[in-house]
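Heads up, the thing below is written out as structure tokens.
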């Protein structure tokens, strides 16, 4: 019984010491610093992601975000290639990715507005959530639908201008009987491209957040070093 009591006392002392050390570390960083650091981290992630994706072959040249044929179209891809339509398939895939690249740059203003709306409470919850991408999740929750509304017309315009719809119809026409089994993702190509563009953008923003959280070299300013340094 005495041993059990002694162990409990030791555990309590250790927990108190750990909590005290954490409090001392956190106490040196104000709410203003935390909010500012997170906003800076998000701005950095957004800037990097947009520069990477909003350029020629930004999506097509990156295997992690490249937009493939919709799943239901993948079912008939072999049929199309056997029918000598391999070039048409490749051109269609390239067109979808190019459309996404055109849409991404308009995200700058939407993200800037979402960043401004972040409160001190939001910032603290995000910083100490224990998740590598909690800031990105917050961002997605508060801006994805606005971005979708912004992206869709740009994708629509690009696909119309470059003849993506015509290429799609011509390609499907070569699929013959198999085309009747296509799903919704293959009938609303612009909606599919818009969603994939959003997915790719948030994926790269999350990559940047993880770098800043985990890698000291990713903290390129004194504020980022100060705020994210308390997580070690």
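Laboratory data are not the source of any read-out in this text; all were calculated from the coordinates shown. Note that the structure is predicted; figures quoted are calculated from it, not measured. Heads up, the Cβs are rebuilt from the backbone with ideal geometry, glycines too, and the neighbour counts pull from every protein chain shown.
To the nearest 0.05, what FRET efficiency results for residue 106 and residue 82 with a Förster distance of 45 Å applied to their C-beta separation? Rounded to the nearest 0.05, the efficiency is 0.70.
Estimated at 0.36 nm per residue, the fully extended path between residue 72 and residue 121 surpasses their Cα-Cα distance by 13.3 nm.
Taking the mean number of other Cβ atoms within 10 Å as a proxy for protection, how do you rank 105-116, 38-49 from highest to lowest?
Values: 105-116: 16.4, 38-49: 21.0.
Ranking, from highest mean packing down: 38-49, 105-116.
The stretch between residue 62 and residue 210, if pulled fully straight at 0.36 nm per residue, gains 51.4 nm over its current Cα-Cα span.
Assuming R0 = 41 Å, can you tell me the calculated FRET efficiency for the pair residue 31 and residue 145, based on Cβ-Cβ distance, to the nearest 0.05?
Given R0 = 41 Å and the Cβ-Cβ separation, E is 0.90.
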